[in-house]
Amino acid sequence: MNNRVNPDLPRELREFGIRDWNECYHCGTCTAICPLTAQGFLFPRKTIRLMQMGLKDHLSTCVEPWLCYYCGECSEQCPRNANPGELMMSLRRYLTSLYDWTGLSKKFYTSKVWELAFIIIFAILVVLTFIFVLPPLDTTLTPQGGVKVNSFAPFHIIEYFDWAMAIVVAGLLVSNILRMYYRVVWQGTSNKVGLLDHIREFWHLIYNFVVQPKFSKCEDKSYWLYHWLLMSGYTIMFILIVVFLPWFQTEKIHPPWHLQRALGYYATIGLLIGLTAAIIGRLKKQEFKFQFSHVSDWLFLVMLTLTVITGILIHLFRVNGMPWATYVSYIAHMAILVPMILIEVPFSKWSHLAYRPFAVYFARLQKSAMTKTA
Amino acid sequence: MRSMEEARIGVYVCWCGNNIAKMVDVELVTELIGKLPHVVVSKNYKYMCSDPGQELIAEDILEHNLNRVVVAACSPRIHELTFRKVLEKSGLNPYLFEMANIREQDSWVHDNREAATRKAVELVAGAISRVQYHEPLDKRSVGINPATLVIGGGVAGMSAALEVANAGREVYLLEKTEQLGGMVSHFDLTFPYLYDADKMLEVMIRRTINHPHIKVFYNTTISEVHGYIGNFETTIQSDSNQEQTLTFGNIIVATGLRPFDASRVGQYGYGRLPNVITSVEFEDLLRTGQVRTKEGNIPQNIAIIHCVGSRNTEFHEYCSRTCCQVALKFANQLRSLLPDSNIYDLYADMRAFGKGCEELYTATSKKEIIFMMFDQQHELPQIIKSVAPGDPPMLIFFREKISGLGLEIPADMIILMVGMEAHPDVKDIAHAVGISICSNAFFIEKHPKLDPVATTTSGVYIVGNCQGPKGIPDSVAQAKAAAARVLATINQGSVHVEVTTAEVNETLCCGCQTCIMVCPYTAIHYDREKKVSVVNEVLCKGCGTCGSTCPTGAIRSKHFTDQQILSQIDGLMKMALKIE
C-alpha cells in the first residue's frame, strides 16, 4: 500500500461533496457519540483521518462509510463544525466511484454534463424505440372499459427488455461488489478469511438487506421507517416488473383488494411516503443529513418521484379507459425509468442498496479475521 | 544576651487545615509544650495565618502580657512576616518571634503519626528555648536611588524602561548587541493578528532612543552589581572602552532567551540538508517577501515540524509556548504566498492557547493545511534525502499518531519550529544581580503565582522570556508590572531593609582578616588604623559565613547568634531526652 501523504486526494474529493474536511482536529467526539461505533470500527474519525492525509489505498479498504446511516448526531456534536456525517456521505460517493471499473460512476458524480447527457440520450432512445418498433396503436377498450395496454406494449416484449436490462445492471453491480470484496476483505485484512466464515456470516447480508437493523439504531427512528417503506416499495415494484410482469401488467381490471393491485398500491404508497419525507427534509434543511445536497441526491429523488407519478398515471388512465393518455404516460414512465435504473443502480446512489448490506457482511468477515489474530 | 525581664512566651500550634493535624497530634503538642517553663499560653488553631488566628495571638499578647511568641506551623518563608506584623501591631518588637516548621519539615514528610508528633514537640521546644534569647532589632530604612537599571534591550526591556522613564525617572538600559529589538527584530509578522513586527518595534525603539530619561548602553554586559535595594552600584565598560560607574535603586532583568540549536536533533538533518531551516531563518526568509529553496526554486511541498527541542526529556522538557502559534502563522503566510503549494504541519500537540490563537488555528484549518500528529517523546520523525528519480528532494518518515500508520511526506522545504532556551551566560547574570535559576536555567520568581515578577532579592525584578518562554503580550505585561513595582518603591522614597546583618566586636577582633576572604559580597573591609574588620551593612546580606569562620567569635550574625542557635539545639535535645 502507498503510504505517502497526498494532498491532492482531498482536493479531488471536493467534487464528491466533501466540505470543511480540514477542520477536524480529531477530538473523537463523533466516534464517542455514534450509536454504531463498535470495537475495531471507530468511525467516522478513522476514515476522516485517512481522507485528510490522502491515503487512497487505506481508504479503499474501509467499510465504515457504508455502515453509517447518517443520523447526523456526529455533525451536531462536532465542536469544529467539520460535519463528519457529510464527510461520510461524500466518502460513500467516492467509494462507489472507486469500486466501479468503468469509470462512469466518477464521471456521473463529478460532472453534471455527463450525467444529464446520459439521461437525455437514453430517454430519447426509449421514446424512439416506442415510436418506431411497437405495433400500430389500438385505442379500443376491453369489455371492462380498460385500456388494451398489452396491445401497445406487449408484456412478453417488455419482459425481455426488463430481463436484458436487469442482467446488464446486475452484472455491473456484481463486478463492482467483487472489486469491493477484493479491497475490503483481501487487502483490508492481513488474515485469510475461511470459506466457512463466508457461509456462516452470509445470513447477515440477507437480514441487513431486508430489515436494515443498523439504521434503526440511530436516535430518530422515524427515518428508518420512511427509508424502509421506500426500500420495500421499490423492491416489491422491481420484482413485480422484472419477475412477474405477465401477472402484473394485465388488461383485466382486478378488484382493488386483489393481490396484484394491493401490492402495487402498497409499493406506490411506500415510495410516496419515503420520497415525500426525503424531499421535505432536503428542502427544509433542518436536519444535518439534509443540509447539503449533492446533484446526485436531487437527481435521484426527482427521477424516482417522476417514475412513481407516471406509474400512477398509467394505472389511473388504464382503469378509466383513456388509451392515449395511458400510452403517453407509459412512454414517459419508461423514458424516466430506464436511464434512472442504468445510472443509479450500478454507478450512483441506488448502488447503496447492495453496498450497504454487503459492507455489513464484509465487516463481519473482517472482524472474524481480526479475532483470529487475537 | 538574655533580656533582663522574665520571658513570657505564647505558643501557637497550627493545624493548617488537615495538612499538619492529620499527621501530628496538635492537641498533645499543645498540652506538652504548655508545661515548659516560661510558657504562659499554649494553644492550637485550625489556621493560625487566618485573621481570627492572628487576632488570637494579638489578644493574648495584651491579656497575658506576653513578650515572646512561637508559632508552630509552616515554613517561615511563607508566614514569618505575617506573624512578625502581628507582634508589631501589638506593640512587641517583631524579632521577638520564632517559627517552628512542623509542616514541610514534619507532617508532610513523615508517615508515622506518633513519631511525627514527637518531632513536632521537639521542634517547638527548640523554638521556645531559642526565642528566649531573641533580641529586639530595630528596623532600618534606606533611601531609594530613583534611577533604574534595565538589563536587555528587547521588547520586554524596552517596555519596562519606557514605563519607568515615562514616570519621569532615570533609566539605564544595557544592551548586549549594537542594536535594540532583541529576538523580535528577526520576526516578520506577529501572531495571532498577523501585525507587522517591524512597525511595532520601530516605534518602540525610536521612543526608547529619543527618551530624555533613558540612557542606552550598547555592546554592554554586566559583570557585578554591589549593594541592595535602593542602593545598587555597578561598573560598566562603555563603547569607548571607558569604565563608567552607575548607581541605581532597582534592577529589571530582561535578558530573554535564544533559539534552540536544531542540529542537536540528529534525525532532522539540520546543517546537513540545506533546505531544512529553523523557524527563525524562515522568518528572515519571509522578510525578503519571497519563499524560495536554497537552489532558488519555488517549493511545492513544505513541511512544518513542531516542538523541535521542546517537550522531549532528551532536550528540554518544557513547552516553549509560542512555536505552535508561529507555525500556524507560517502556514497562513505560506498559503497566501504560495496558494498552490502543499503544506504539511507535523505537531505533537497543538497548543493554540491564548487570546485570538484558537481562532487563528480554526482559520488556518480552513486553508487546506494537512495537520498530522507524531509522538514527540518516543518516535521523532526522520528526514532523509530522497534518491528516487521524480521524487522531491527530501522525505519525512514518521508514525502518524491518530491513524497509527507509518507514513512518508515529500518535501522541498522543511521548517523546524525551534523552542527557546537560556543564554549560555545566564549564570553570570544571575550571580551578578544575586538571583537564582531553575533547572531549565530560567530565573526564579519570588512566588510563581502571587509575585511573578519579583525575585527573592529585593529590588531585582525579572521580566520577559528570561523568566520562562512566553509571547510578546505576556512579556510586555510583565515589564509593565515590574515597572509599577519599581515606581512604587521610588515613590515611597525609602524601604525597610533586613537588619539581620553581621557586626564586629572590635575588642575581640584580632585582625586576621579571614572574614574578608570568605565574604561572598565583599561587604567587609579592614580598618588599618584600628586593625579590625568593619562590616558594610549596605552590602552585607546576612549570610553568616563570616560569623561561622571568625576564630575569636568577634563577629555576630544578628538574629543568628551562637547563643540563639545553641539554645535552640539545647531545647530540642532536652525535650528529646525527656520524651525518651
By residue number, which cysteines of chain A lack any other Cys whose Cβ falls under 4.7 Å from their Cβ? A:Cys24, A:Cys27, A:Cys34, A:Cys62, A:Cys68, A:Cys78
For the pair B and A, the solvent-accessible area buried on both sides (1.4 Å probe; DNA, RNA and ligands excluded), in Å² to the nearest hundred, is 2000 Å²
Just to make sure I understand: if all protein chains stay in place, what is the order of A:Arg80, B:Arg113, A:Arg45 by accessible area at 1.4 Å, largest first? B:Arg113, A:Arg45, A:Arg80
Give the share of C-alpha pairs in each 5 angstrom bin for segment A:1-120, from 0 to the last occupied bin, in whole percents, shortest bins first. 2, 12, 21, 23, 19, 12, 7, 3, 1, 0
Placing unit charges on C-beta atoms (Lys and Arg positive, Asp and Glu negative, everything else neutral), compute the dipole magnitude of the protein assembly as shown about its Cα centre in debye, rounded to 20. 2780 debye
Spelling it out for A:Arg4: with amide H atoms placed in the peptide plane at 1.01 Å from N, the residues 5 or more places away or on another chain with amide H under 5 Å from its amide H are B:Glu408
Go through segment A:37-73 and flag every residue whose accessible area shrinks by 10 Å² or more with all protein chains in place compared to the isolated chain (probe 1.4 Å). A:Arg45, A:Arg49, A:Leu50, A:Gln52, A:Met53, A:Leu55, A:His58
Could you calculate, for segment B:260-420, the ratio of the Cα radius of gyration to the Kirkwood radius, expressed as Rg to Rh? 0.93
For peptide B:361-371, compute the average count of partner chain beta-carbon atoms within 10 Å of each residue's beta-carbon. 4
Through the Karplus equation 6.51 cos²θ - 1.76 cosθ + 1.60, θ set to phi - 60°, convert the phi angles of segment A:6-17 into ³J(HN,Hα) values in whole Hz; use x for Gly and Pro. 10, x, 6, 4, x, 5, 5, 5, 4, 5, 8, x
So for chain A, averaging the separation of alpha carbon pairs under 8 Å that are six or more residues apart and normalising by length, what relative contact order in percent results? 25 percent
Counting sequence-distant residues (5 or more places) and residues on other chains, those with an amide H built under 5 Å from that of B:His64 are none
Number of partner chain Cβ atoms within 10 Å, mean per residue of A:1-12: 4
Per-residue HN-Hα couplings for segment B:445-462 [Karplus 6.51, -1.76, 1.60; θ = phi - 60°; Hz; x = Gly/Pro]: 7, 5, 9, x, 10, 8, 8, x, 10, 8, 10, 6, 9, 4, x, 10, 10, 10
Need one number: the % of Cα-Cα pairs in segment B:327-462 sitting beyond the 24 Å mark. 53 percent
Percent antiparallel among DSSP beta bridges confined to the protein assembly as shown, nearest 5, equals 45 percent
Mind checking B:399-406 for the average number of partner chain beta-carbons within 10 Å of each residue's beta-carbon? 5
May I ask you to give the solvent-accessible area per residue for segment A:8-99, in square angstrom, as obtained with a 1.4 angstrom probe? 29 Å²
For segment A:233-305, what does the equivalent ellipsoid look like in terms of its semi-axes, each the square root of 5 times an eigenvalue of the Cα gyration tensor, given largest first in whole Å? 32, 13, 8
per DSSP, antiparallel bridges as share of beta bridges in chain B, % nearest 5, sits at 45 percent
So the angle from the long Cα axis of helix B:155-166 to the longest Cα principal axis of chain B, reported in degrees to the nearest 10, equals 60 degrees
For segment A:76-92, list whatever residues lose no less than 20 Å² of accessible surface once every protein chain is in place, relative to that chain by itself, with the probe at 1.4 Å. A:Arg80
Considering the Cα positions of chain B, please state its Rg to one decimal place and its Dmax as a whole number of Å. 30.0, 97
Nearest-ten-degree value, helix B:197-210 long axis tilted from longest Cα axis of chain B: 50 degrees
Report the percentage of all Cα-Cα pairs in segment B:1-77 whose separation exceeds 17 Å, rounded to a whole percent. 45 percent
If one compares the long axis through the Cα atoms of helix B:323-337 with the longest principal axis of the Cα atoms of chain B, the angle in degrees, nearest 10, works out at 20 degrees
Counting only C-alpha contacts under 8 Å and six or more residues apart, can you give the relative contact order of chain B as a whole percent? 15 percent
So what is log10(I(q)/I(0)) for the protein assembly as shown at q = 0.05, 0.07 1/Å, when the Debye sum runs over its Cα atoms only? -0.54, -0.81
For segment B:63-173, what is the per residue volume of the convex hull drawn over the alpha-carbon atoms, in cubic angstrom? 174 Å³
Using a probe radius of 1.4 Å on heavy atoms only, what accessible surface per residue do you get for chain B? Whole Å² is fine. 46 Å²
Counting Lys and Arg as +1 and Asp and Glu as -1, each charge on the Cβ, what is the dipole of segment B:260-420 about the Cα centre in debye, to the nearest 20? 260 debye
Reduced to Cα centres, the span from segment A:242-277 to segment B:430-471 in Å works out to 86 Å
Residue by residue through segment B:96-111, the couplings from Karplus 6.51 cos²θ - 1.76 cosθ + 1.60 with θ = phi - 60°, in Hz, x for Gly and Pro, are 8, 9, 9, 10, 10, 8, 9, 10, 4, 9, 9, 4, 6, 10, 10, 10
Could you check how much of the accessible area of the protein assembly as shown is carbon and sulfur, as a whole percent, using a 1.4 Å probe? 58 percent
Size of electric dipole in chain B: Cβ of Lys, Arg +1 and of Asp, Glu -1, about Cα centre, debye, nearest 20: 420 debye
Which whole DSSP H helices in chain A pass both tests: a Cα extent of 27 Å or more along the axis and a mean Kyte-Doolittle value no lower than 0.0? A:112-133, A:155-181, A:222-242, A:259-284, A:295-319, A:323-347
Name the long-range amide H neighbours of B:Asn342: under 5 Å, sequence gap of 5 or more, or other chain; modelled H, no Pro or chain starts. B:Asn301, B:Ile302
If all Cα-Cα distances of segment A:106-189 are sorted into 10 Å bins from 0 onward, what percent lands in each bin, rounded to whole numbers? 14, 25, 28, 19, 10, 4, 1
Too long for a 21 Å Cα-Cα cut-off, among A:Lys106/B:Lys367; B:Lys176/B:Lys446; B:Lys46/B:Lys139; A:Lys112/A:Lys349, are A:Lys106/B:Lys367; B:Lys176/B:Lys446; B:Lys46/B:Lys139
Hey, could you grab the Kirkwood Rh for chain A? Inverse mean 1/r over distinct alpha carbon pairs, Å, one decimal. 22.3 Å
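The values are calculated or read from the model by the stated rules, or taken from the named source; none is laboratory data. On a predicted model such as this, the values are computed, not experimentally measured, just so you know. Because the Cβ atoms are built from the backbone with ideal geometry, glycine has one as well, and the counts that use them run over all protein chains shown. Protein only, heavy atoms only, side chains kept; ligands, DNA and RNA dropped before computing areas. Shrake-Rupley method; radii C 1.70, N 1.55, O 1.52, S 1.80 Å.
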